[in-house]
Each structure stands twice: as structure tokens, then as C-alpha cells.
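> Input: one structure, supplied below.
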Amino acid sequence: MPVEIPLPAGYRMDSNPSGLATKFAADIFAALMDDQIYWGKYRSPGMVSRQISRAWRMPTVVKVNEDGTEELAGFARVVSDGEEFAFLNDVCVLPKHQKLGLSKALVNDAIQNSGGEGNDSSDLWKWFLWTKANLSFFSM
């Protein structure tokens with residue numbers, strides 16, 4: 001049974017690559033170029049835009065401000081063949097939005113809501129993650 005991890009008040013998530021991820025593509029590129037991110041420094045804005053558009057899923061969290069504007073809070077990218085395997089990539093929560101459980105919500109959404117045609121159970125999928133990060137960061 002899927003476990004839902006609620007977002008804090010004032011945050012919302014969309015997992016469609018053509019949704020929030022496309023709207024905030026420039027902010028996603030800027031986040032990936034931040035000094036705190038150690039991977040993908042070779043990417044251009046065009047490459048990041050193409051990676052977003054080709055993603056299987058792209059859970060993206062925004063903070064909805066009091067005036068109704070939105071700001072990027074975090075994102076994760078899933079690359080998949082749509083049937084059997086998925087690669088979790090680019091899990092990132094911007095510093096001012098850390099320690100709120102957003103990374104767990106992003107990873108949970110990526111895993112729980114993936115499933116290919118004829119295979120709607122993420123339990124049957126093979127998941128891959130390559131990272132230099134502390135793996136306890138990804139434990140749920």
C-alpha cells in the first residue's frame with residue numbers, strides 16, 4: 001500500500017515534466033549550478049531543459065507565497081524505460097527549504113507513483129541511484 005508523505009502547509013507538488021518543472025526550468029538550472037551541488041556542472045540551460053522534457057517523472061515542489069507567487073523549493077528527476085527500471089536522478093531541495101521533509105516527499109512521490117503500462121506496481125521495478133551523498137539521506 002502506498003505511503004503518502006504530506007507536504008508542509010504552503011507547498012505544492014506536481015510530477016508531470018511539462019508542469020512545474022518546465023515552468024521553473026531556469027530555476028532548476030540555477031539550483032544545479034549552485035556551489036552546494038556537486039554533480040552536473042557541465043550542463044547547459046538547453047541540456048537541463050531537454051532532460052526535464054524527456055524525464056519519465058519530475059516531482060517538483062514549490063512554495064506558494066502569501067501574494068500567490070511561487071518559488072522553486074525542490075525537485076527530483078526519474079528516467080525510465082517505462083516498463084521495468086527507473087533511475088532516480090537530481091534529487092535537490094534548495095537550502096532555505098531544507099529540513100521540512102521535502103526530500104522524502106519528492107523521493108516517495110517518484111517511487112510510489114511510478115509504474116509502466118501493464119506494470120502499475122513500483123514494487124516490481126528495479127530502481128537505481130548513483131550518488132556520493134550520504135545514503136541515509138534517502139532512507140524513509
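> Would you call ARG50 within 18 Å of LEU88 (Cα to Cα) and basic (Lys, Arg)? Write out each step before concluding.
Details: within 18 Å of LEU88 (Cα to Cα): yes; basic (Lys, Arg): yes.
Against the criterion (within 18 Å of LEU88 (Cα to Cα) and basic (Lys, Arg)), ARG50 qualifies.
> Let me ask something additional. Inspect all residues belonging to region 36-43 and state whether any of them is in contact with a helix residue (DSSP H, G or I) (Cβ under 6 Å, 6 or more places away or on another chain) and at positive phi. Walk me through it before giving the result.
Initial filter on region 36-43 (in contact with a helix residue (DSSP H, G or I) (Cβ under 6 Å, 6 or more places away or on another chain)): 40.
Now drop any that are not at positive phi, which leaves 40.
Yes, region 36-43 contains a residue that is in contact with a helix residue (DSSP H, G or I) (Cβ under 6 Å, 6 or more places away or on another chain) and at positive phi.
> Out of ALA110, ALA105, which single residue is open to solvent by less than 20 Å² (accessible area, probe 1.4 Å), modelled with pLDDT of 90 or more, within 14 Å of the chain's Cα centre (by Cα) and of a type in the set (A, V, I, L, M)? Break it down stepwise before answering.
Numbers: ALA110 fails: modelled with pLDDT of 90 or more.
Result: ALA105 is the single residue among ALA110, ALA105 that is open to solvent by less than 20 Å² (accessible area, probe 1.4 Å), modelled with pLDDT of 90 or more, within 14 Å of the chain's Cα centre (by Cα) and of a type in the set (A, V, I, L, M).
> Another question, then. In region 81-100, which residues are closer than 18 Å to ASP27 by Cα and open to solvent by 30 Å² or more (accessible area, probe 1.4 Å)? Before the answer, list the steps.
At the first step, the residues of region 81-100 found to be closer than 18 Å to ASP27 by Cα are 89-98.
ASN89, LEU94, PRO95, LYS96, GLN98 - these are the residues of region 81-100 that are closer than 18 Å to ASP27 by Cα and open to solvent by 30 Å² or more (accessible area, probe 1.4 Å).
> If we keep just the residues of region 113-140 that are in a strand (DSSP E or B) and at pLDDT 65 or above, which is most open to solvent (accessible area, probe 1.4 Å)? Lay out the reasoning, then the answer.
Within region 113-140, the first condition is being in a strand (DSSP E or B), and the residues that meet it are 116, 119, 126-128.
Checking the rest, the ones that are also at pLDDT 65 or above come to 126-128.
On the way: LYS126: 98, TRP127: 70, PHE128: 82 Å².
Once the filter is applied, the top-ranked residue is LYS126.
> Continuing with this model, one more query. Looking at region 1-24, I want the residues that are among the hydroxyl-bearing types (Ser, Thr, Tyr) and have a partner that is open to solvent by 30 Å² or more (accessible area, probe 1.4 Å) with Cβ atoms under 6 Å, at least 6 apart or on another chain. Which pairs are those?
Sorted first by the residue in region 1-24, then by its partner, the pairs are TYR11/LYS63; SER15/ARG57.
The values are calculated or read from the model by the stated rules, or taken from the named source; none is laboratory data. Given the structure is predicted, the values throughout are model-derived calculations rather than measurements. For neighbour counting, all protein chains shown are included, and Cβ atoms are generated from backbone atoms with ideal geometry for every residue, glycine included. Quick note on the areas: whole protein, heavy atoms, side chains included, nothing else; ligands and nucleic acids left out. Shrake-Rupley method; radii C 1.70, N 1.55, O 1.52, S 1.80 Å.
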